[in-house]
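Here is the structure we will look at.
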Amino acid sequence: MRPIRQTIGRAVGLILSLGVFSGTSLGVFSATASHAAATPAPVPPAPVPRIALRECRLQHPLRLGSIAGRCGTLRLAEDPSRSSPTIELNLAVIPALNRRSREVPLFILAGGPGQSAISMYVGLSGAFSRINRDHDIVLLDQRGTGKSSPLNCDYPENWQHSNDSTVELREATAACLEKYGTRVQFYTTSVAVQDLDQVRRALGYAQINLYGASYGTRVAQLYMRRFPEHVHAVILDGVTYPEQAIGADTPLDGEAALQKIVSRCHAATDCRVAYPKLSDELASLERRFGPENLSIVINDPDTGLPQSMIFNRSVFGAALRFLSYSATQSALLPTLIHQAAIGNVAPLAAQTLMTARQLKDQLASGMQNTVICSEDQPLAATLIDREKLAHTYQGLDQLDALAEICKLWPKGPVDSDLHASLHSEIPTLLLSGDADPVTPPRDADLAARGLVHHRHIVLSGEGHGQLATGCMPKVMAAFIESANVEKLDATCLEIHQPPAFFNSTTGPSP
């Protein structure tokens, strides 16, 4: 029997992202905040060489298939103030099926921070198929992610549970900085937005559409601010708002989403009958896996072989959080909570292990550190209500880990107005799930305050990211085509219902 080194360390403690870790409301603060670099005065753009594209195939992350595209690279200075050294940005274009079409292309901005846009697209390409009929789709791995000079750190998976976890965390962070040096500072959102416009110019597009997911909504909004004349329409999915800093509200948002899931179970007859004491069982587990560590054996979800692991507060919190992200996953929660409450925690642990493994390979943790330590942590750290957050199931572990990382991590250039309110007349469609544990609908409402032409669609019972939910691909395609939120027909979403809860380990009622 092989032991598992604590599975959640990197995936839970260090995937500090909007895809997995988000937000605190800061209000509008001064554009002269001490951590922010002054916004440079506009200068005439230098000529950009055209990108030579070659035929290629984009592989699914799990090798479940591949997609034909045209791939290329653009070489740019790593430090925008100097001509060298340089890095290569990796990109792909999925040409419109209608080769005669001259419609405005769609650029996809991935979440994280730290996710590859190419990897994201290959896993979700079906949701963009209607748009791709007449629109090129452009996938740019943001600097520091995918194959665009990735910044990948190697954090030990068990650092959170050793006798001196802070020392291990610092050592892992220092080792990553020894590998990359101070150049990690040039991987902020402000620099990435300039890259994005360089790619637009190099591909010869006068205007573009933007789809941003989670952290990608920050990138999209900054591009809207910097280059409004080049934007046709924008879709923001799992929305951050400009004044927001990643960090201190995440445990509160996660707690609220979990309670929505429990309430929805109580409101559904089959779920309520199957688990009449769900709230009590959840509370009992939260009390138990505060002080208690439980040694268990599970069947490894990848190999099927028996594995030993420690089930404790961190693993339990990760389970609740991971399973809250989508309505499909949260449909399992009542059954898994009940099984754990009656003594069978193995199914909950196995589900958590499987999700953690998937997540840790999707995000470039070094790029993520640069974004959060430069743009968010200096602000969020001053507003954390430690007493309030300590009463949530996530607690303060992640916030404290982030603070330790940012003590060492170099800070990069940040536009002085990155967190200022955004006023824009660009047509914008905002998408939210009402049970989103990281970017709840109120965040989109705050983002929409300065958007003159916007529509906010909220789906009941859904979690983080609405891209592939119900008829949303049809609605998005119609919006990209018309760029008219006032006349957008989204009535097909009115009949949408989230997946039914499992009433046993075999599934939901017929």
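The values are calculated or read from the model by the stated rules, or taken from the named source; none is laboratory data. Please read all numbers here as calculations on a predicted model, not as lab measurements. These accessible areas exclude ligands, DNA and RNA; they are computed on the full protein's heavy atoms, side chains included. Shrake-Rupley method; radii C 1.70, N 1.55, O 1.52, S 1.80 Å.
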Would you please classify the overall shape of region 462-509 from the alpha carbon gyration tensor, given that a ≥ b ≥ c denote the square roots of the eigenvalues, rounded means a/c under 1.5, and beyond that prolate means a/b larger than b/c while oblate covers the rest?
prolate
When only C-alpha pairs under 8 Å and at least 6 residues apart count, what is the relative contact order of region 400-509, in percent?
23
Helical contribution to [θ] at 222 nm, DSSP H n ≥ 4, -39,500 (n - 2.57), averaged over the chain, rounded to 500:
-10000 deg cm²/dmol
When only Cα pairs under 8 Å and 6 or more residues apart are kept, what is the percent relative contact order across the chain?
23
For the chain, with every protein chain kept in place, what is the accessible area per residue (1.4 Å probe, Å²)?
41
Rounded to the nearest 5, what % of the DSSP beta bridges within the chain are antiparallel ones?
50
When we measure straight from the Cα of Lys147, which lysines land under 27 angstrom away, once same-chain ones fewer than 8 places off are left out?
Lys179, Lys360, Lys411
How far, in degrees from 0 to 90, does helix 250-267 lean away from the longest principal axis of the Cα atoms of the chain, to the nearest 10?
60
Candidate values (i) 23.4; (ii) 25.7; (iii) 26.9, label of the one derived for Kirkwood radius over Cα pairs in Å
(i)
Gyration tensor on Cα atoms of region 84-132, a ≥ b ≥ c root eigenvalues, a/c under 1.5 rounded, else prolate if a/b beats b/c, else oblate, says oblate
Ranked order, Ser374, Ser416 - accessible area, probe 1.4 Å, largest first
Ser416, Ser374
Would you mind telling me the share, in percent, of accessible area of region 118-264 contributed by carbon and sulfur at probe 1.4 angstrom?
46
By its C-alpha gyration tensor, with a ≥ b ≥ c as the square roots of the eigenvalues, how is region 184-226 shaped: rounded for a/c under 1.5, else prolate for a/b larger than b/c, else oblate?
oblate
